[in-house]
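The values are calculated or read from the model by the stated rules, or taken from the named source; none is laboratory data. Please read these numbers as outputs of a predicted model, since none were measured by experiment. When we count neighbours, we look across all protein chains shown, and the Cβ atoms used for this are built from the backbone with ideal geometry, even at glycine.
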Amino acid sequence: MNLNIFEDSINYVIKNAPFTPDIALILGSGLGGFSKSVEIVKTIPTTDIPKYPPSTVVGHDGKIHFAKSGDKKLLLFDGRIHLYEGYPLVKCLLPVIFAYKLKAKYLLITNAAGGVSKTLSPGDLMLINSFSTLNIKKEIAQALGISLFDRVNAIRKFPDESFHNVIRSAAGKESITIKEGSYFFSKGPSYETPAEVRMAAILGFDAVGMSTAHELIAAMRFGIKAASISCITNYAAGITTQKLSHTEVTETADRVKSEFEKLIKRIIFELSV
């Protein structure tokens, strides 16, 4: 991948970084409140970073925090960049690129997702054990400067069972139920239609969302240990008669934020860096 196109952005972040982070976290829709539960050392508004795309989605503040939790140094992305905002995929990978350039050992990605499986309900946390790239195969290969075959090789590194075992152990120690399932990536910007949700269910997917898949592949390509947890914030279209809204997403994320924060903090504590 030719990172020279982001040289100004990368150099700005490196110059302003107060330390080398151990763990990077991308905080999904409505989950940015986690940053308030840790010790913030320094905050960089993404509007200050040269050529960094502005975040346009409610629940994504557009801030990068350098923080501490216990003896771990953290890099928190409070808000992400989405394909459905009109940005090319390569720009949506900037948080992963920054984590790589700042030499973070781990990347934990969170997102809000719609539940497809009957075993999932709003408020559940789901560890992603598989994911689709059906909609973005070519874009990922072009963004990372790799062949489609190399993209497959990157996916084969997932899941990182050692990282997943830490997450399972952390959930157990905090008495938090974490389910596991597969994640269907949709480009957006609209929610999936009921027919598309039925298709995802037939194909064996448990949840649907508009982020994460390309971030995981990029992290694996860069050699970062990566994992992702979805907060199931709503039933996907057609599962119930309830109308979907982003307000529902943020409200559900807010309802489970205490449990989510406990789990993330325990994962951070348990990780060896």
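A few notes on this one:
- Residues in segment 217-226 that are buried (at least 23 other Cβ atoms within 10 Å of the Cβ) and part of a strand (DSSP E or B): ALA226 alone.
- Close Cβ contacts (under 6 Å, 6 or more residues apart or on different chains) running from residues in segment 6-35 that are more than 20 Å from GLY114 (Cα to Cα) to residues that are among the aromatic types (Phe, Trp, Tyr) comprise SER9/TYR52; VAL13/PHE98; PRO18/PHE66; ILE23/TYR106.
- If the condition is being farther than 21 Å from GLY79 by Cβ, at pLDDT 95 or above and within 17 Å of the chain's Cα centre (by Cα), then segment 189-233 contributes ASP206, LYS225.
- Flag if SER162 is of a type outside the set (A, V, I, L, M) and either more than 19 Å from GLU270 (Cβ to Cβ) or surrounded by 15 or more Cβ atoms within 10 Å (Cβ to Cβ) (or both): no
- In segment 53-146, counting only helices (runs of 4 or more DSSP H) that sit wholly within it, none holds 2 or more residues that are touching a His at 6+ places or on another chain (Cβ under 6 Å).
- Inside segment 141-159, residues that are among the basic types (Lys, Arg) and either at pLDDT 95 or above or buried (at least 18 other Cβ atoms within 10 Å of the Cβ) (or both) make up a count of 1.
- In segment 12-67, the residues that are surrounded by fewer than 20 Cβ atoms within 10 Å (Cβ to Cβ) and touching a Phe, Trp or Tyr at 6+ places or on another chain (Cβ under 6 Å): PRO18, VAL41, LYS42, PRO50, PRO53
- Screening the candidates ASP78, ASP61 for the property of being farther than 20 Å from ALA219 by Cα, in contact (Cβ under 8 Å) with a residue 12 or more places away in the chain and within 17 Å of the chain's Cα centre (by Cα) yields one hit, ASP61.
- Test: residue in segment 90-113 that is under 17 Å from PHE185 (Cα atoms), among the β-branched types (Val, Ile, Thr) and in contact with a Leu (Cβ under 6 Å, 6 or more places away or on another chain): yes
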